[in-house]
Amino acid sequence: MNNSPDSSGPRPSRSRYQPSRELGRNSEGNIVTYLGKDNATNQPVILKRFLFGKSDLKASDNQVYQQQIKLLRGLNHPGIPRYLDSFQTADGFCLVQEYKEAKSLADPRSFEPDEIKRIAVSVLEILVYLHQQNPPVIHGNIKPENILFDEQLNVYLIDFGLTKIGSGTGFLAPEQQDNRQVTEAIDLYSLGATLISLLTKTQSTEINKLIDNKGKINFQNLVYQISLRWIEWIEKMVEPSLVNRYTKASAALKALKPIDAICIPEVKFISSNLEFTATKLGEKLTQTFNVSNSNMDAVLQGNWSVAPSSGDPRHPTGSHAWISFNPSKFQSNRTECKITVDTSKLIADKTYERQIILQTNSFPTNHSLVIKVKTAPLAILKLPLISLALLFVIASFGGLAGAALLGKDGAANWLILILGLGVGSVAGGAAAFSATSLLKRIIGMIGGLAAIVGFLPVMGSDVDVIVGFFLGLIIAALGGVVVKNHLERKFPLELAAIISILTAGLGMSLGTEFIDGLLNPFVMLALAGTGLPLAAVIMRLHLQNKTLVDNYRKSERYLIKP
């Protein structure tokens, strides 16, 4: 080593130590660490140079330096690099320590939870040794930069005992930041914060972002497959209140050793398949099911997503074009999950299948479910042609039979009876569609028959009344079936009633026409009064359906394919 080194390197102590390269310096620039060589032993050493002429380091700190040197000389622990030498320099002093082939915890590396626990145990064992000294030795500046580890995960604690000389900020306990009286508990707080930094992969310069306005470090939602007992242990290490924190390293070590670092949740679903069936076009459908964890020593964390599909458009991460989750992320051992599908973006009358994935901290990490969605058909109102045709035929025979029994003079009475039959058809059909019991259906039919019986006195002889009654019964019952069929096809009740009445009326009028003749003004009026409105209703229904289909076809190209 040159006997007259420049000011950038440590000054010599009997020309014994040769610096080779700078390892680092603190933010104020008043402490510089070098890797050096002991020329006497040919062994590598650590040279830590303290500059009194910079920042807050002053010559008055020399007394503190002498006290700390005395302290370091008395320490002997495999986890503490040994003190070797120290000497004055023109602008401060230089400390010489044993060199360890190890890296700092601040260097980029990902540790497994059980490795981090092993590090915690090793540091606590060092702290137990330090705190048992008389007087206790408080490190006061534990952070990832000041903990070293080698390939065998042996741990070394450095830069303690000199914390009053340019220590920097570190992971300071609240009482340490407020310049209150410090105890061994500040080292436990700093160690807890260091473990959180490792578990959450948070850089030491970013640790403050995890601290809320109450001084509490919030990290629970950032750790995975970690035992609840270990999380609770770390929470106690970093309690802002000294009363609630571990105060002795020995107590913290005793509590930590039996705790399992890793605890994997066990995910349970009620179902692995979800089926949605839409009854209306554009309907939003939601199903709820529970996700639970049977291992209560761990906290289940989950994140929902939809597996990519060629049919779906691109969408931002964490969202989907037509499938949504509430909550999309959770941290609980029992969560009620709601999955909603928006069929307004899907093609009508199609079946869709998608795979949804729940990513968790369990094993395996990914759990898949299949969603099946059946979209509703277009709301096209299709006439129940078979039942309508049957109603028309029966009504025609009824009109024919009634006119034949009553003669030409009774035709008008039969046409008046159409109103009664219509009322019976509507009442019976509506009751049959909405009924929940046989009794209600019977009551509905009785209501329809009562409307018919009210017109029976116009029918003449007893035989005519009996025949008319049974014909009316058949037509009313069939009219009720037709109304019910219309309602099942989503027809409005009014439209179903009108179509049924007009169909029955047209059939009866046409049947009467064979007896009374086409020139009968009542028959002509009945044919026109039922046939023309029925034709108009059917034509309008056809045009509405066509418009609906045309508009849908135009928009279909923008919809998502199955």
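Values quoted throughout were computed directly from the atomic coordinates according to the rules given, and no laboratory measurement underlies them. Predicted, not measured: the structure shown is a model, and the values here were computed from it. FYI the Cβ positions are ideal-geometry reconstructions off the backbone, even for glycines, and counts take in every protein chain you see.
Under Stokes-Einstein, with the Kirkwood radius over Cα pairs standing in for Rh, what whole-number D in µm²/s applies to region 198-243 at 20 °C and 1.002 mPa s? Estimated via Stokes-Einstein, D reaches 187 µm²/s.
Summing Cβ point charges (Lys, Arg +1; Asp, Glu -1) relative to the Cα centre of region 267-374 gives a dipole of roughly 140 debye. Using the alpha-carbon positions of region 69-142, Rg (one decimal) and Dmax (whole number) come out as 15.0, 47 Å.
List the equivalent ellipsoid semi-axes of region 119-273 in whole Å, largest first, each obtained as the square root of 5λ for an eigenvalue λ of the Cα gyration tensor.
After scaling each eigenvalue by five and taking roots: 29, 18, 15 Å.
Basic side chains Lys and Arg get +1 at the Cβ, acidic Asp and Glu get -1 at the Cβ, and with that the dipole of region 227-299 about its Cα centre reaches some 280 debye. Remark: the residue 551-residue 365 segment gains 62.4 nm on full extension, using 0.36 nm per residue and subtracting the alpha carbon distance. Summarising the label geometry, the points placed 7 Å from Cα in the beta-carbon direction at residue 514 and residue 288 lie 6.2 nm from one another. By the rule of a C-alpha distance below 24 Å, with chain neighbours fewer than 8 residues away ignored, the lysines paired with residue 374 are 280, 284, 338, 345, 350, 382, 490, 546, 554, 561. Seen from residue 370, the other residues with C-beta closer than 10 Å to its C-beta sum to a net charge of 0, counting Lys and Arg as +1 and Asp and Glu as -1. A protection proxy built from the mean count of other Cβ atoms within 10 Å ranks the segments 495-504, 250-259, 184-193, 215-224, most packed first, as 184-193, 495-504, 215-224, 250-259. As a proxy for reagent exposure, ranking 508, 524, 296 by other Cβ atoms within 10 Å from fewest up yields 296, 524, 508.
Max-minus-min Cα coordinates of region 225-361 on each principal axis give 69, 27, 25 Å, with the largest extent listed first. When the alpha carbon coordinates of region 324-376 are projected onto the principal axes, the ranges are 38, 19, 14 Å, largest first.
Highest mean first, the peptides 315-322, 136-143 sorted by other C-beta atoms within 10 Å per residue fall in the order 136-143, 315-322. Just so you know, the Cα atoms of region 242-290 work out to an Rg and Dmax of 24.4, 68 Å.
Any number yet on Rg/Rh for region 294-406, C-alpha, Kirkwood?
Using Cα coordinates only, the ratio equals 1.42.
Label-to-label distance for residue 494 and residue 107 is 8.4 nm, based on points extended 7 Å past Cα in the beta-carbon direction.
Protection proxy ranking of 531-541, 42-52, by the mean of other Cβ atoms within 10 Å over each peptide's residues and highest first, is 42-52, 531-541.
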